[in-house]
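Everything below concerns the one structure shown next.
The values are calculated or read from the model by the stated rules, or taken from the named source; none is laboratory data. Predicted, not measured: the structure shown is a model, and the values here were computed from it. A quick note on method: Cβ atoms are made from the backbone with ideal geometry, for glycine too, and the neighbour counts reach across all protein chains shown. SASA here: full protein model, heavy atoms, side chains in, ligands and nucleic acids out. Shrake-Rupley method; radii C 1.70, N 1.55, O 1.52, S 1.80 Å.
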Amino acid sequence: MEERDYDLFDALKKRPDKEPDVDFSNEIRQKLQKTHLKKTTRFSIATILTVPVTLAVLLFVFMIGTGQSFELKNAAQLTTEWEKDLTIIVCIFLMLALSSFILFVYFKGLTKGRLVYMTFSLSFFAWIGNLVYAEHRNIDETIVQPSYSESYDYKSKRDNIDEIQQKQDSYLMKTNEGGIK
Amino acid sequence: MHQDIPKIEHLYDCYHRDVYHFALYYTNSKQEAEDITQETFFKAMKQLDKLKDNDKVKTWLFSIARNTAVDIHRRQKIKRLITEKLSWQPVLKEVPKPLEIVEKNEQWQTVQEALMTLKSHDRIIIICRMLKDYTIQETAVILGISEVKVRVDFHRAMARLRKKVGRDD
Amino acid sequence: MKNPYEYLLSGMGFVFIDLNAFGLPDILPDFIGYLLFAYGIHLLPSFHNLKRWSKNFAIILMIMSFFVELYQWLGYQILGEIGVQFMQFLFIVFMYWVFQLLLHIHNNKPLEAKTFKTYQKFMAFMLCGFVIQAFSINFDASMRGNVHFIGSLFQLLSSLLFINLCRTCNEYFKKIKENKVHSLE
């Protein structure tokens, strides 16, 4: 740092109105002494009330908005077009939220402490979550297709086909006989 | 340990001047500086049981002061802007008296005014490093950023300030 | 004296081009990239623990990527695309340690600001690219390709930033070397 920079700030350090009013200082000190005992009850009530209420409101809004429960399996079984759109919107929203969080942490320079590890772990869990979700979705989609289903009853179907085949054969026999006559 | 937690009155006696100076440099307004000081100590009182390490009390208190200063100053700015918009004309500043005009030329005011034109983040770094003489480590804790970021941003902020003061070579 | 930044630069080239494949995954194998990284880190002037960790990390990644490459050459992949993506994630973690080491070495030196800015952008873009690619598998087939491409763009950008940093460090290193030679003369 240059010497003249220090001169510059020395002048500001000596600004005439730098010190707080004595009356003001005493007044705050007295206020602090008076309110000293109230602190614990206020904090706990706020915590007890706000957190569950916020969670309940969010849960309610989500359930009203989607008509779905919170189980992932149900979310994975979304089939209608509207619900598919919702899944994509949720995906995009989560992706943007996570990306914004990462950009915020690094560009704000909050690179000391847990936030960096949070960016790594959240990215990793996002990846794992997407893989699991994609896997569930694929399993559910395959169940819809009868050709891959284990519950498809080939034997009874075969019997039906044989019956139809026999009926057709006897009908053809009759018509052929009629034609010859 | 509960017994180890310092008393708020003791903290106030030790640091209220420092917090006030910080707020005054940040806002350049006596009223706002008083509001910030008051709010900071009330917030500190509520969060005192969260303080784990008594050695870090100074940086802990100043990180509260910094957040409070940013909030209050922003609120005041918005209030001023709204008043300005509602009255359809800029709020008239008090006409300076002759003595004040003479004082205007004082160096500290030039530096303070230049400081006020900087971004909040740059201003806080300069206040911490140059006016309150905190170390890079302390400034990093107050701002919640890494030490490298403090060093890099401090040099950039100083370059900007020099430009504003007209000492840019 | 060998220039460590040249090795880091070529290491990045090998790892990055392989990661993005371009349909030719076998030309610049990852394990050579990690080997170059390990050697570059070894040449860096520091005795900090960070150096030992990042060098060991590079060696572990080299071994892992060797097996991934080997299986690709043999015609099948370990865990398919998942293995590649996992390697990509480990690469980002590895680069975090490399940057920590570089920041430690460049502490209070003219290159500190540039290293830090590159670190900020590199980590942010790399992780964003990874997240975008992770989410892309659950998008519609029509969107999937485009989203994946955006993720790749982020990663390309961050790789270019690292290469640029290495080039700057390279020049700085050369200047110091020249000055030393002149002072000896």
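Here is the link list: C:K121/C:K175; B:K50/B:K77; B:K119/B:K149. Which ones come out longer than 23 Å on Cα distance? Violating the 23 Å Cα-Cα cut-off are C:K121/C:K175; B:K50/B:K77.
Placing R0 at 25 angstrom, the Cβ-Cβ distance between B:T83 and A:T54 gives a FRET efficiency of 0.15 after rounding to 0.05.
What's the FRET efficiency of C:I176 with A:A11 using the Cβ-Cβ distance as r and R₀ = 30 Å, to the nearest 0.05?
Working: r = 39 Å, r/R0 = 1.31.
Calculated value: 0.15.
Using heavy atoms of the protein chains and a probe of 1.4 Å, the accessible area assigned to B:T117 is about 80 Å². Taken about its Cα centre, the stretch C:4-174 carries a charge dipole of about 660 debye when Lys and Arg each add +1 at the Cβ and Asp and Glu each add -1 at the Cβ. Treating each Cα of chain C as one equal point scatterer and applying the Debye formula with no solvent, the log10 of I(q)/I(0) at q = 0.11, 0.16, 0.18 Å⁻¹ comes out as -0.51, -0.99, -1.21.
B:D13 exposes around 80 Å² of accessible area when a 1.4 Å probe is run over every protein chain in place. Each residue was assigned an accessible area with a 1.4 Å probe, and for A:M173 the value is about 120 Å².
For chain C, which DSSP H helices look membrane-span-like by this rule: Cα extent along the axis of 30 Å or more and mean Kyte-Doolittle of at least 1.0?
C:81-105
Placing pseudo-labels 7 Å out from each Cα toward the beta carbon at C:R144 and C:L160 gives an inter-label distance of 2.8 nm.
Ordering B:D55, A:D5 from largest to smallest accessible area (1.4 angstrom probe), what's the sequence?
Working: B:D55 135, A:D5 0 Å².
Ranked list, largest accessible area first: B:D55, A:D5.
Taking loop as defined by DSSP and a crowding limit of 13 other beta carbons within 10 Å, which trypsin sites (Lys or Arg not before Pro) in the stretch B:11-78 fit? Numbers along the way, then the final one.
Values: sites: B:R17, B:K30, B:K43, B:K46, B:K50, B:K52, B:K56, B:K58, B:R66, B:R74, B:R75, B:K77; in loops: B:K52.
For trypsin sites (Lys or Arg not before Pro) across the stretch B:11-78 that sit outside H, G, I, E and B with at most 13 neighbouring Cβ atoms in 10 Å, the list reads B:K52.
Note on B:R75 and A:D85: with the Förster distance fixed at 41 Å, the Cβ-Cβ geometry gives a FRET efficiency of about 0.55.
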